[in-house]
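A.B. asks: Attaching a single structure in structure tokens format; questions to follow.
The values are calculated or read from the model by the stated rules, or taken from the named source; none is laboratory data. These numbers were taken from a predicted model, which means no experiment stands behind them. Cβ: placed from backbone, ideal geometry, glycine included. Neighbour counts: every protein chain shown.
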Amino acid sequence: MKSWLYIILFLLIIAFGFLGYYFFQPENKSEETSHGPCLSANEFADYPIDEKYAKEIGVPKMPLTISVRDKTTKKEKFSFQIENINPEHVHPLEIHKCGVYVIKMINFDPKKTKQEPGFKKELWVYRYDKGYDKILTFAEKDKLGVYHLFYNDNFRIDPTENYLVLEQSYLGQSDYALVIKDLKTKEDVFVLTLDDIKKINPEVQLGNFNLGKFIKDGKYLWGTLFVGASDTAYYRVELGTWKTEIFSPPPDIPSGAERSTSFAGYVVYADITSFTGIKEITKQIEEGARKEGKMKNLWIYNLFTKEKYKIASADPSWRFNLKWISDTELEYYLPSGEREVFNVEKR
């Protein structure tokens, strides 16, 4: 009889233990499980930067870990990992309000230079509620081992997350183009070919598409055409209307020159090259300029008016470390180490 009492007492203790745990435990549901698909106004997302690369490039440390943080305290609320990211890609992801967009490599063997059938490069979106979807395939190797390239493995997402920018095919192919897709339907809404560019501005030299950047409000996409280390043209596309403008580069900008373009239509550039691809040749150019008594001049060029003016000079080997900190404010450094900020609207 006593044994039955002990058993009943033991079962009651367990039952009350479960009830106590259920009703009196502190709330421990993580925000990760209850979070919506988008970031709130008081949140932002980031990831650890790989220190092997320049901070401005933003190459992530692998494995890729996305942290959602409070804007005020910077404290992490939750984090999640995304696997199968190309560790060598300089633009493998973009973080937006309603998702993290990433280039994934499926069935990839890092030990092999030639991948097996079934290998794919794909674009995926990971939302903040832990949901995720494949958007499209950049390229794949079929069952017979034939490699099919549909788009170069690069992309841009506009700030409103309505449009996706891609580079279709490759230079020399008849279908080579800059393509903008509706992100929801995946349908092409705008296609810009090299023939289109020549019709708009016959003077420019054709080249590869650089996908460029969106301005903050997403109204325009700015980008370039390039051959090697030279920009051969600049394009501006107005989203929605698809009005396209093609601008010629400054006529005296040398190949490999230090340069940067603002979203207000200004190009800043140095008039002596900083990069040839061969260190010895670059040094010869710099030494030749010194012997001729030349300085490396820094110029601002207006793409709309074609006007230019000089803002600084330095030794031919100097790099100004150019950076547009706003559409009209340029940051650069002098040989003295002094930081300068030049406002093109207040010159």
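A.B. asks: Can you name every residue in region 261-312 that is closer than 21 Å to residue 251 by Cβ, among the aromatic types (Phe, Trp, Tyr) and touching a residue at least 60 places away in the same chain (Cβ under 8 Å)?
C.D. replies: 266
A.B. asks: Return the residue satisfying two criteria in turn: it lies in region 56-82 and is touching a Pro at 6+ places or on another chain (Cβ under 7 Å) and at pLDDT below 95, and of such residues it is farthest from residue 46 (Cα to Cα).
C.D. replies: This residue is 62.
A.B. asks: Given 117, 87, which one is assigned to a loop (DSSP other than H, G, I, E, B) and in contact with a Pro (Cβ under 9 Å, 6 or more places away or on another chain)?
C.D. replies: 87
A.B. asks: Let me spell it out: the conditions are (1) assigned to a loop (DSSP other than H, G, I, E, B); (2) under 17 Å from residue 213 (Cα atoms); (3) in contact with a Gly (Cβ under 8 Å, 6 or more places away or on another chain), and residue 326 meets all of them except one. Which number is the exception?
C.D. replies: Going through (1) assigned to a loop (DSSP other than H, G, I, E, B); (2) under 17 Å from residue 213 (Cα atoms); (3) in contact with a Gly (Cβ under 8 Å, 6 or more places away or on another chain) one by one, residue 326 breaks only (3).
A.B. asks: Confirm whether residue 236 is assigned by TED's automatic domain parsing to the domain that holds residue 326 and either touching a residue at least 12 places away in the same chain (Cβ under 8 Å) or of a type outside the set (Asp, Glu) (or both).
C.D. replies: For residue 236, the condition - assigned by TED's automatic domain parsing to the domain that holds residue 326 and either touching a residue at least 12 places away in the same chain (Cβ under 8 Å) or of a type outside the set (Asp, Glu) (or both) - is not met.
A.B. asks: Let me ask you something else. Only one residue in 140, 122 is surrounded by 15 or more Cβ atoms within 10 Å (Cβ to Cβ), at negative phi and over 21 Å from the mean Cα position of the chain (by Cα). Which one?
C.D. replies: When all the criteria are applied, what remains is 140.
A.B. asks: Among the residues of region 315-332, count how many are loosely packed, with under 14 Cβ neighbours inside 10 Å and of a type in the set (Val, Ile, Thr).
C.D. replies: Residues meeting the conditions: 1.
A.B. asks: Give 273, 282 a once-over and let me know the one that is in contact with a Gly (Cβ under 9 Å, 6 or more places away or on another chain) and not in a loop (DSSP other than H, G, I, E, B).
C.D. replies: Answer to the selection: 282.
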